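See below for the structure under consideration.
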Amino acid sequence: MTDKIRIGDTEREKVLNELGEHFAAGRIDMSEFEQRSSAAGAARFQSELDALLVDLPRKGQLVRKDAVAIWPASQADLVPVSNSRPLVPIALVGVVALAIVILLLLAL
């Protein structure tokens, strides 16, 4: 009966954060991120949230470096799933924001 366990905002937020990390890592594209995020926001049961992450590696899970096969050729081919946020998207947002500010100042 675990498929009928009701969830709350905390559980939805955790899944949304995980989806954001998978989007930042390039595992899902913008369209899929938006669809899954919308479904997470509307989810009422744990099974609905689980379905959104079933094809994505979970935190702490090991995945292949080349992400080609399910089973690794050796232990050396395994890397942990990153739990940290990448700096590139953050830096890109900063550069874009700075460019907008400069363009606005030049327009004055």
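FYI, it's all coordinate maths here, none of it is from the lab. Everything quoted here is computed from the prediction, not taken from an experiment. Positions of Cβ are backbone-derived with ideal geometry, glycine not excepted, and every protein chain shown enters the neighbour counts.
Normalised radius of gyration for region 1-62, please: alpha carbon Rg relative to 2.2 N^0.38 Å, two decimal places.
1.07
If I stretch the segment between Lys14 and Arg44 completely, what's the gain in nm (0.36 nm per residue apart, minus their alpha carbon distance), one decimal?
Value of the extension gain: 9.4 nm.
Just want the ordering: Arg44, Arg12, from fewest to most Cβ atoms lying within 10 Å of their own Cβ.
Arg44, Arg12
Gain in length, Ile102 to Val54, computed as 0.36 nm per residue apart minus the alpha-carbon separation, to one decimal in nm?
Between Ile102 and Val54, full extension yields 12.9 nm more.
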